[in-house]
1. Report the far tail of the P(r) of region 264-409, meaning the percent of Cα-Cα pairs longer than 19 Å.
2. I need the Debye-formula profile for region 330-371: one equal scatterer per C-alpha, no solvent, reported as log10 I(q)/I(0) at q = 0.14, 0.19 1/Å, two decimals.
3. Take each uninterrupted DSSP H stretch in the chain, measure its Cα extent along the helix axis, and return the ones at 15 Å or beyond whose mean Kyte-Doolittle hydropathy is at least 1.0.
4. Normalised by the number of residues in the chain, what is the relative contact order in percent for Cα pairs under 8 Å and 6+ residues apart?
5. Over the Cα atoms of region 277-358, Rg to Rh with Kirkwood Rh, two decimal places?
6. Starting from the 7 Å offset along Cα-to-Cβ, what nm value, one decimal, do you get for the label separation of A482 and D274?
7. Return an integer: the convex hull volume of the alpha-carbon atoms of region 142-298, in Å³ per residue.
8. Quick check on my link table: of K121/K198; K176/K303; K405/K480, which ones sit more than 18 Å apart, alpha carbon to alpha carbon?
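What follows draws every value from the coordinates through simple rules; no lab data is involved. Remember, it's a predicted structure, so these values are computed and weren't measured experimentally. So basically every Cβ, Gly included, is an ideal-geometry build from the backbone, and we count neighbours across all protein chains shown.
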Amino acid sequence: MIARRLFPLLLCLLFAAPLSLKAEEKGNEAMFRLPNGMVEGSVENDLLVFRGVSYAQPPIGALRWQPPQPPAIWRDIRQAKAFGPACIQKEAAREPEKSLKDKPQSEDCLTLNLWVPREPKPQDMPLPVVVWVHGGSFRFGTGALDLYDGSEFARRGVIFVTLNYRLGIFGTFAQKELLKSNAPTGNFGLLDVMAALKWVRGNIRAFGGDPGNITLMGESAGGASVGYLMASPLARGLFQKAIIQSGALALPELSPAEAGEVAERVSKALNAPDLAALRALPAEALRDAATGLDDTQPFIDGKILPLGMRAAFSAVRVNRMPLLIGYNNAEAGFFGPDFWAGMPAKIGGAWPEIKAHCFDYGATSEDGCAEQVASERFAGINTRAIAAAAAPKMRVYAYRFEFVKPSERKDQPGAIHTAEIPFVFGHIAADKQADPESARLSAAMIDRWVAFAKTGLPQLVPGDWPQLSESGGKLMLFGKAASRVADNPANALLDRLEQMPR
């Protein structure tokens, strides 16, 4: 009788997770059977790589400015050996996104890419999954940039996924007819990320992955997307861990009315009075429409985003999960002197007091202090606030990245926005020409990020990176000296900046 009762349970356990990878390999090709059909990718040494896999139907024609629809079933073998086109976008001012002006772009861009261990250890199965959301101000970028190559993650026993999502006016558009819908609408880029997560949850088991162990990770706009989806009730259950790199930013977070005014202005400029007319326009006309940076950021629509990011974390109205969050000490350096040149005048009479709290490179001159203040206003204030608000309710691990490669220290006082990415991705550790100091830090950082994806603990040895609530507010400093747990050196400056209107 006992054996008879146990038999269904044993069957459930047997089929709950794959015990080995079920790939069909032939030469340099590898095929997997997914619920919708077969895909054929590449065998690349110790990895299986699948590029340009559609996770949703093309958002074109009647599907422009609609929630992403699941991909159709196919009978042929879908090739997945080349990246799909980047989502159509304006020309970026800086590399690496600037190079995309010469690469294929399209509205038909909702694809993802996977790096899969070729021969994972049986004890590691099913494999943890990391899904990366690229940055680019919600206006630029693609998951296909070399910077986001997931090989080093996969070599450490993780399935790594990058994706494209709709950008600019295609990704955020609060046109009045759209807002009348009962369905979630307007923030289409965030809906795309959720659709990719649903695809991963429904398909990753075929690649040996664990649909119950998905980490959503991103930087800048990608990190903000992670924070917004933690705050979205519609994303509940789609991922189990979160990594926000320089993504807890002071974004405009327009109201529906404000976002609607942007859409109305664009419609009038394009002489397209209704949704049908807008959908009839060529994509290039919409791409080239006059929109500012604030116009195409996520807005508080009430369904996808009931609250702004900081407000949601402050009220702890977020999906609770282990969170790794941090920022770089010289973020503003990425944007150049124009980004901080007016800071003393903007702060006004309080500037002498603010200046007294500058330290390190910020203490060397008024310009250095202005750059430091701009960096902390851009990312430091909200990162600290969000981490502190979340820490009593979930496991939070905070960091501050200060490392500059020895070859760059003469010209760069700190780690600018995006500087941590090649370290986190292990690219520097894998570079045989890298200096030993940089290579060691990169190896340690990717090992910590992988450990977090596997276990929710970014630790190389037990306890070496305590969660925020147990460290007295201390975070991990990745600096020029050995990495260490310490107070944020910007705390006094942040305390004073928090007292000022934004």
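1. Roughly 69 percent, once rounded to a whole number.
2. Result of the Debye calculation: -0.28, -0.51.
3. For the chain, where a helix must reach 15 Å along its axis and average at least 1.0, the hits are 2-16.
4. 13 percent
5. Values: Rg = 19.5 Å, Rh = 17.8 Å.
In region 277-358, Rg relative to Rh is 1.10.
6. Inter-label distance under the simple model: 7.0 nm.
7. Hull volume over Cα atoms, normalised by residue count, gives 135 Å³.
8. Flagged as over cut-off: K121/K198.
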